[in-house]
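What follows is calculated from the coordinates using simple rules that are stated; it is not laboratory data. Source: prediction; values computed, not measured. In this analysis, Cβ positions are derived from the backbone assuming ideal geometry, glycine residues included, and neighbour counts consider all displayed protein chains.
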Amino acid sequence: MKKYSINAYQKPWIFLFITPAFILTFTFTLVPALTLLSYSLFSWESFKRIDFVGISNFERLMQFPFRQDFTLAFVNNVKVFITLFLVQTSVGLLLAYAIYRLKRGKKFFQAIVFLPVILSLIIVAFIWKLIFDPLFGPISAVAMQLDLPWLNQPWLGQPGLALFTLIFIGFWRWVGFPAIVFLAGMNSINDEFLEAARIDGASEGQIFRKIIFPLMAPSFTIIAVLTFIGAFEWFELPYVIGGVTGQPGGSTTTMALLFYRLAFGTVDSATVDVGISSAIGVILFIFVGIGAALGSYYLRKREIQQ
Amino acid sequence: MKSENGFNLRFAHYGTETLLKGALIVNALGVFLPLLFMINSSFRTSADLFTSPLRFASKFDLSNYKLVFTEGNFVSYFWNSFVVTFFATTIVIIFGSSAAYALARYQFRLNGAIYLFFLAGLLIPAKLALVPLFIQMKNMGLLDSRVGLILVYAAGAMPAAVFIFTGFIRALPADLDNAARIDGAKEYQVFARVMLPLIVPVTGIVGIYSAIPIWNDFLLPLVFIRDTSKMTIMQGISVFFGEYGADWGALFAGLTMAALPLVVLYVILSGKFIKGLTAGATKG
């Protein structure tokens, strides 16, 4: 590929080609991101900016009462990331390998595995909210009929359980994504490698562990980065099911929910603090930004190597 | 596999085979059962659902759907979602491809800087700048406006589109546009007549990559739209749940309707969907 050196005549065209995309991204992505930082350094009355207060919003975030909420939300986000990542990658890898090994019906099963990914999280959340309903839901009905007391629980109504039920729903919605990414990785493996290993008498387990699994490393990175970003921005699912305060008893609260309710309030209370909310936004921003940057750095490095 | 333990190997082989196929079947059941439950329940009355959640619908009763469309504003929600998704995606495709063309084909002073700018845009988690964006939209008079939503969505999807298009255009031979230039084509003609037809395949990928998350989004309308007549379908379904929370038949009909358009499209175009939505995470 060769780029042209340009002449004076082409300049206005280049300007015209780039400007609309540039202005849009600048106005609605970059400007809000930069103002977020400045917002976190001011005190606020509702949406009115009052005084420059330096880092005092960050300090207040680390004190009562925000500290408790923030710690709880942060720990929940970490739990969501670790659990989702472990379950998603292992089940995703299993499904990918199962499809990879199929001789017929690959397209069909691929389409089924990926189907929940295209559904809106809002729809998914509402479906499962009804399914897990302790009074009229199908799960409790099955549990009653088959007399399975362990199944007959308020899955979404019990503080110790609700977060993991939510993670299960998130897993249901998203596992198809890692599965397809792993499958694409497996499809790109040169068949000659596998053939040579087979001729040398390697068993299927050995081929999987020694050849396929190591070659999946880039896919693991992508899934880790995307799960990291998704887990720390977790909003829709807990919002629909646990509400903005993370019911039951704050057990499903996340940083994004905390950030949202401090900015836009809740139905029953008006504790709005845009300064603190922006401080949380900045912290999340740095967190997620670093994750995404590391991920894309790694990927670009990989592309150069290939 | 003609080793001494050939039998064992073969046996293990069939065991793995069964296990893997079993996993796919369990997964398929896991995917379909909740959706079938939803569809089945949408044809039943709430009273019937509450007495026995698991029975098949005895008849093809559409009264829940009637309620969704007459009382639930679903026509207007669908229309708003369609308008917002369509225009935002169109803007992304037109301006994203033209910017990518300029970045991929012309060597000018700011080329690298602008490329980095879009890279930064790709890494910014836009959701987190919701508060400043809200205030900015308020000042611009873009709250409670579909145009506002369209602009924010288009901006959000733009960096990824520029990247996908740039990568694709760079791989196309430059002789194509030079030949057109020698034939006297102006720069926009080179773009419109030579480049656009060539990037059609990747346009589908960019379109799906941009449009599906916009159609499915809930957060931005939740914050920016208050006026019922401008709400999108995902926001509408949550309003519907608030109003008809006790009428489960209607809720399932509403969910089925809200899910239907994408599922139908997916059944027809599943390969394109998978390719489009995993663009960036997989190569090729």
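Once the Cβ-Cβ distance of B:Leu54 and B:Val83 is raised to the sixth power relative to R0 = 45 Å, the FRET efficiency obtained is 0.70. Based on the Cβ-Cβ distance of A:Leu294 and A:Arg209, what FRET efficiency does E = 1/(1 + (r/R0)^6) give at R0 = 35 Å, to the nearest 0.05? After rounding to 0.05, the efficiency reads 0.85. All other residues whose Cβ lies under 11 angstrom from that of B:Asp144 are scored, Lys and Arg at +1 and Asp and Glu at -1, for a net of +3. Among the trypsin sites (Lys or Arg not before Pro) in region B:35-138, those located in a DSSP loop and surrounded by at most 13 other Cβ atoms within 10 Å of their own Cβ are B:Arg55, B:Lys59, B:Arg109.
What the Kirkwood sum gives for chain A is a hydrodynamic radius of 22.9 Å, with every pair of different alpha carbons counted. When chain B is treated as a GNM with alpha-carbon contacts under 10 Å, the residue of B:Asn73, B:Asn111, B:Asn178 showing the greatest mean-square fluctuation is B:Asn178. Counting only Cβ charges, +1 for Lys and Arg and -1 for Asp and Glu, the dipole size of chain A around its Cα centre is about 980 debye.
Rounded to whole Å, the principal axis extents of the Cα atoms in region A:29-75 read 30, 25, 18, largest first.
With the contact rule set at Cα under 8 Å and sequence spacing of 6 or more, what percent relative contact order holds for chain A? It comes to 25 percent, rounded to a whole number. Computed about its Cα centre, the charge dipole of the protein assembly as shown is approximately 1440 debye, with only Lys, Arg, Asp and Glu carrying charge at their Cβ.
Counts of other chain beta carbons within 10 angstrom of each beta carbon in peptide A:125-131 average 6. Ranking A:Trp44, A:Ile122, A:Leu163 by Cα position along the charge dipole of chain A, where only Lys, Arg, Asp and Glu carry charges on their C-beta atoms, puts A:Ile122 farthest toward the positive end. In this label model, A:Phe193 and A:Arg49 are separated by 5.3 nm, measuring between points 7 Å along each Cα→Cβ vector. Here region A:42-88 and region A:190-213 have alpha carbon centers that stand 48 Å from each other.
I'd like the Kirkwood hydrodynamic radius of region B:6-61, using the inverse of the mean 1/r over distinct C-alpha pairs, in Å. With all distinct Cα pairs of region B:6-61 included, I get 14.0 Å.
Once the cut-off is 43 Å, how many percent of the Cα-Cα pairs in the protein assembly as shown end up in the long-distance tail?
Here the long-distance tail beyond 43 Å is 25 percent of all Cα pairs in the protein assembly as shown.
Ordering B:Phe240, B:Ala180, B:Pro221 by the projection of their Cα atoms onto the charge dipole of region B:72-243, which places +1 on the Cβ of Lys and Arg and -1 on the Cβ of Asp and Glu, puts B:Ala180 at the extreme positive end. Each Lys and Arg contributes +1 and each Asp and Glu -1, all at the Cβ; summed about the Cα centre of region B:6-61, the dipole is approximately 100 debye. With contacts taken as Cα pairs under 8 Å and at least 6 residues apart, chain B reaches a relative contact order of 30 percent.
For chain B, evaluate the Debye formula with one uniform point scatterer on each Cα (no solvent term) and list log10 I(q)/I(0) at q = 0.08 Å⁻¹, rounded to two decimals. Listed by q, the Debye log ratios stand at -0.52.
Considering chain A as a Gaussian network with a 10 Å cut-off on Cα pairs, which listed residue, A:Leu34, A:Leu161, A:Leu16, attains the greatest mean-square fluctuation? Looking only at A:Leu34, A:Leu161, A:Leu16, the biggest GNM fluctuation is shown by A:Leu16. Ordering A:203-213, A:275-285 by mean Cβ neighbour count within 10 Å, with the highest value first, yields A:275-285, A:203-213. Label point of B:Glu243 set 7 angstrom out along Cα-Cβ; within region B:35-76, amide nitrogens under 12 Å from it belong to B:67-76. Counting only whole DSSP H helices of chain A, the ones at least 20 Å long by C-alpha along their axis and with mean Kyte-Doolittle hydropathy no lower than 0.5 are A:11-25, A:66-101, A:159-174, A:217-232, A:274-305.
Each label was represented as a point 7 Å from its Cα along the Cα-to-Cβ direction; for B:Ala171 and B:Val75 these points are 4.6 nm apart. Rounded to the nearest 0.05, the FRET efficiency derived from the C-beta distance between B:Ser63 and A:Phe171 at R0 = 45 Å is 0.80.
Is there a simple number for the mean count of other chain Cβ atoms within 10 Å of the Cβ of residues in B:174-185, and what is it? Mind dumping the intermediate values first?
Numbers: counts 4, 1, 0, 1, 2, 0, 0, 2, 0, 0, 0, 0.
For peptide B:174-185, the averaged partner shielding equals 1.
With just the Cα atoms defining each centre, how far is region B:216-284 from region A:142-157? Give it in Å. After rounding, the separation between the Cα centres reads 30 Å.
Of all complete DSSP H helices in chain B, those with a Cα span along the helix axis of 27 Å or greater and a mean Kyte-Doolittle hydropathy of 0.5 or more are B:6-41, B:74-105, B:146-170, B:248-277.
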